[in-house]
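Presented below is the structure to which this report refers.
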Amino acid sequence: MKDYPRVAVVILNWNGRFFLEKFLPSVYNSTYPNTEFVIGDNASTDDSVTFVEQSYPSIRIVKNKENLGFAGGYNAILAQVEADYYVLLNSDVEVTPSWIEPVIDFLEAHPAMAAAQPKIKAYHDKVLFEHAGAAGGYIDAFGYPFCRGRIFNIVEADEQQYNDNREVFWATGAALFIRATSWKNAEGFDADFFAHMEEIDLCWRLKRMGYSIGYVAESTVYHVGGGTLNTSNPKKTYLNFRNNLTMLQKNLPFFQACWVIFARLWLDLLALLKFITEGKLKDAWAVSRAHQHFFLYFFRHAKKRKQFAARENQTGRYKNSIVLDFYLNKIQHFNKLDGDNFQ
């Protein structure tokens with residue numbers, strides 16, 4: 001009889017009654033035989049916890065005393081969960097019945113693989129990939145993340161063009177499979193990120209430790225996206241710009257970090273001006289606030305820089321600028337990028 005590793009599917013909830021009611025049935029009907037379902041509640045003020053207690057009494061609920069954000073919330077919850085693998089699953093995700101098995105099989109077959117993600121497609125248009133993860137995450141020379149199937153705001157239709165399992169640079173936090181040992185070795189998320197890019201920072205840290213990150217096409221989930229913060233929300237703009245600079249500071253070699261961050265500040269200024277010309281003044285101010293916060297806490301984050309063994313895994317790094325390729329060279333699909341520019 002096959003020995004199935006223990007898997008804990010952990011959904012972080014904050015006032016998510018609507019999504020839990022809509023999507024918990026699909027999660028609860030997952031076919032993987034050795035699964036614990038956990039709702040980690042981030043001090044919700046709605047009746048979502050009561051709903052789960054009454055409708056799914058077998059689901060374990062772990063409560064945080066305050067809203068610690070996505071990053072801090074998961075750190076606190078997972079410290080109380082024992083399993084071989086954690087699956088960090090957004091509450092606004094619909095899963096397919098056997099979505100767990102292919103990813104766990106892939107991780108079991110690749111011991112150096114610390115984490116992996118399934119194929120992420122759009123819930124509201126299931127032909128399309130979804131923004132947050134698509135078919136696996138990559139990062140360019142200036143720290144801009146993008147995906148197979150999604151570059152900036154252009155999302156591709158799934159025509160089986162990315163149906164191969166492969167190593168990537170980062171895996172989405174919307175449906176992140178990670179070995180419990182790897183999570184603990186990397187010390188989880190950086191809680192200061194609160195939300196957004198914390199999964200990229202974690203994956204980068206894991207790769208600096210010599211681990212690999214994977215994408216498994218045989219598993220598919222459907223993500224609503226923007227369930228907590230809408231894509232055009234100025235707070236999301238602030239968190240993305242702030243956390244991206246912090247991530248570069250923490251993970252790049254010192255001299256490389258200096259010139260990349262210098263370049264990014266100018267590129268961010270262009271983004272700020274673009275927001276102004278589009279009339280998005282709150283987003284423009286969010287970029288400015290992100291820069292202010294970055295410099296205010298510069299030395300605090302500098303202390304987080306860690307020197308790992310000289311075995312950093314570079315797979316998934318794009319040596320060119322995805323900004324220039326997208327806006328100047330008009331390359332909008334991942335498979336049109338020059339493969340020689342990937343590490």
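Count neighbours as other Cβ atoms within 10 Å of each site's Cβ, and list the chymotrypsin sites (Phe, Trp or Tyr not before Pro) in the stretch 23-78 that are DSSP loop with at most 12 such neighbours. Intermediate results must be reported in sequence, preceding the final value.
Working: sites: Phe23, Tyr28, Phe37, Phe51, Phe70, Tyr74; in loops: none.
Passing both the DSSP loop test and the Cβ count: no residue.
Using a cut-off of 11 Å between beta-carbons, work out the net charge of the residues near Asn341 (Lys and Arg +1, Asp and Glu -1, Asn341 not included).
-2
Just rank Cys147, Cys258, Cys203, fewest to most, by other beta-carbon atoms within 10 angstrom.
So the residues, fewest neighbours to most, are Cys258, Cys147, Cys203.
Output the Cα-based Rg and Dmax of the chain in Å, rounding Rg to one decimal and Dmax to a whole number.
That works out to 19.3, 63 Å for Rg and Dmax.
Taking the Cα atoms of the stretch 1-153, report the difference between the largest and smallest coordinate on each principal axis, in whole Å and largest first.
Principal axes ranked by extent give 45, 43, 30 Å for the Cα atoms.
Starting at 0 and stepping by 10 Å, how many percent of the alpha carbon pairs of the stretch 32-72 end up in each bin?
P(r) for the stretch 32-72, in whole percents per bin: 26, 50, 22, 2.
How much length is gained if the chain between Asn29 and Lys274 is pulled fully straight, taking 0.36 nm per residue apart and subtracting their Cα-Cα distance, in nm to one decimal?
Going from the current span to full extension adds 83.6 nm.
Given charges of +1 on the Cβ of Lys and Arg and -1 on the Cβ of Asp and Glu, with all other atoms neutral, how large is the dipole of the chain about its Cα centre, in debye to the nearest 20?
That gives a dipole near 1260 debye.
Count charges around Phe23 for me, please; just the other residues with Cβ under 11 Å from its Cβ, Lys/Arg as +1, Asp/Glu as -1.
So the surrounding residues net to -2.
Hey, with R₀ at 25 Å, roughly what FRET efficiency would Thr315 and Trp259 work out to, going by the Cβ-Cβ distance, to 0.05?
Taking R0 as 25 Å, the efficiency between Thr315 and Trp259 is 0.65.
PRE reach from Ala79 (point 7 Å along Cα→Cβ): which of the stretch 189-223 fall under 18 Å by backbone N?
189-195
Give a quick list of trypsin sites (Lys or Arg not before Pro) in the stretch 1-72 that DSSP marks as loop, anything other than H, G, I, E or B, with at most 10 other Cβ atoms within 10 Å.
Loop-located and lightly packed - Lys2, Lys65.
What does the charge count around Gly72 come to, taking other residues whose C-beta lies under 13 Å from its C-beta (Lys +1, Arg +1, Asp -1, Glu -1)?
Net charge around Gly72: -4.
In square nanometres and to one decimal, what's the mean projected area of the convex hull around the Cα atoms of the stretch 1-77?
Numbers: hull surface 21.6 nm².
It is 5.4 nm².
Which value in deg cm²/dmol, rounded to the nearest 500, describes the helix-derived mean residue ellipticity at 222 nm for the chain, given -39,500 (n - 2.57) per DSSP H run of n ≥ 4 and division by the residue count?
One gets -11500 deg cm²/dmol as the mean residue ellipticity at 222 nm.
Can you list, bin by bin at 10 Å, the percent of alpha carbon pairs in the stretch 254-298, starting at 0?
28, 48, 21, 3
Just to be sure I follow: if Rg is taken over the C-alpha atoms of the stretch 231-310 and Rh is the Kirkwood radius over the same atoms, what is Rg/Rh?
Checking Rg against Rh, the ratio lands at 1.03.
Mind checking which of Leu128, Leu267, Leu68 has the largest fluctuation in a GNM of the chain, springs on alpha carbons under 10 Å?
Sorting by GNM fluctuation, first place goes to Leu267.
By DSSP, what percent of the beta bridges with both residues in the chain are antiparallel, rounded to the nearest 5?
45 percent
How high is the FRET efficiency from Lys22 to Ala109, r the C-beta distance, R0 41 Å, rounded to 0.05?
According to the calculation, E is roughly 0.75.
So if R0 is 25 Å, what FRET efficiency would Lys184 and Ala157 give, r being the distance between their Cβ atoms, rounded to the nearest 0.05?
Working from the Cβ atoms, E equals 0.05.
Modelling each spin label as a point 7 Å along the Cα-to-Cβ direction, I'd like the Gln343/Ser55 distance in nm, to one decimal.
For Gln343 paired with Ser55, the spin-label model returns 4.5 nm.
Just name one of Val103, Gln292, Ser44: the one whose Cα is farthest towards the positive end of the charge dipole of the chain (beta-carbon charges, Lys/Arg +1, Asp/Glu -1).
After comparing all options, I get Gln292.
Exposure proxy check: Phe299, Phe106 ranked by fewest other beta carbons within 10 Å?
Going from sparsest to densest Cβ surroundings: Phe299, Phe106.
Any read-out appearing in this document is the output of simple, stated calculations on the displayed coordinates, not a laboratory observation. Here the structure is a predicted model, which is why all the values come from computation and not from measurement. Glycine gets a Cβ as well: all are built from the backbone with ideal geometry, and neighbour counts include every protein chain shown.
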